[in-house]
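First up is the structure itself, then whatever we jot down about it.
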Amino acid sequence: MAADARVLMVAAPFYEDITEQLVEGARQVCKAAAVIAEVVEVPGALEIPGAIALAEAGKTPYDAYVALGCVIRGETSHYDYVCGESVRGLMNLAYKGIPVGNGILTVDNIRQARVRAHVNGRNKGGAATSAALAMLALKRRFGAV
């Protein structure tokens, strides 16, 4: 599917235990697909798209990117801004033809986050990585590399 690919996972460890599970799920998919994976950490979900943009503009951009983190609804509207703007940033990258998988959990509580981070072998980090690799395969198929 994505032989010889380099994947950068950008993780926001604000909820460290959740993010660790997402990263582990992403690593498992990378290992199964035989792709090279690296992880960098950023302070929060808002910084993930910016970190991907910086990596993409670097001397050796990666072939695909995976955004990993968790945003839990609080008592203020901050949740809505963080969720909306992080997704908008990721979509702006995707519209430029950059293969990105969105593994940023947006949940109401920690219980929901735990379920999405790891339940019965399913993991949103792994699903986001699979999505990024699928988009990379399309990019290569369309000759956009």
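Each reported figure results from applying straightforward, stated rules to the coordinates on display, with no laboratory input. The structure presented is a predicted model; accordingly, all values stated were derived computationally and were not measured. Glycine also receives a Cβ, built like all others from the backbone with ideal geometry; neighbour counts cover every protein chain displayed.
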Requested in this report: With +1 on each Lys and Arg Cβ and -1 on each Asp and Glu Cβ, and nothing else charged, work out how big the dipole of the chain is about its Cα centre, in Debye to the nearest 20.
Outcome: 600
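Please say if the stretch 15-54 is rounded, prolate or oblate, where rounded means a/c under 1.5 for a ≥ b ≥ c the square roots of the C-alpha gyration tensor eigenvalues, and otherwise the choice is prolate for a/b larger than b/c and oblate otherwise?
Details: a/c = 3.25, a/b = 1.39, b/c = 2.34.
Judged from the Cα gyration tensor, the stretch 15-54 comes out oblate (a/c at least 1.5, b/c at or above a/b).
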Report task. Just add up the charged neighbours of GLY126: K/R +1, D/E -1, any other residue whose Cβ is under 14 Å from the Cβ of GLY126. Result -> +3
Query raised in the report: For the stretch 22-63 and the stretch 65-127, what is the separation of their Cα centres, given in Å?
Result: 14
Query raised in the report: When we measure straight from the Cα of LYS59, which aspartates and glutamates land under 17 angstrom away, once same-chain ones fewer than 8 places off are left out?
Result: GLU38
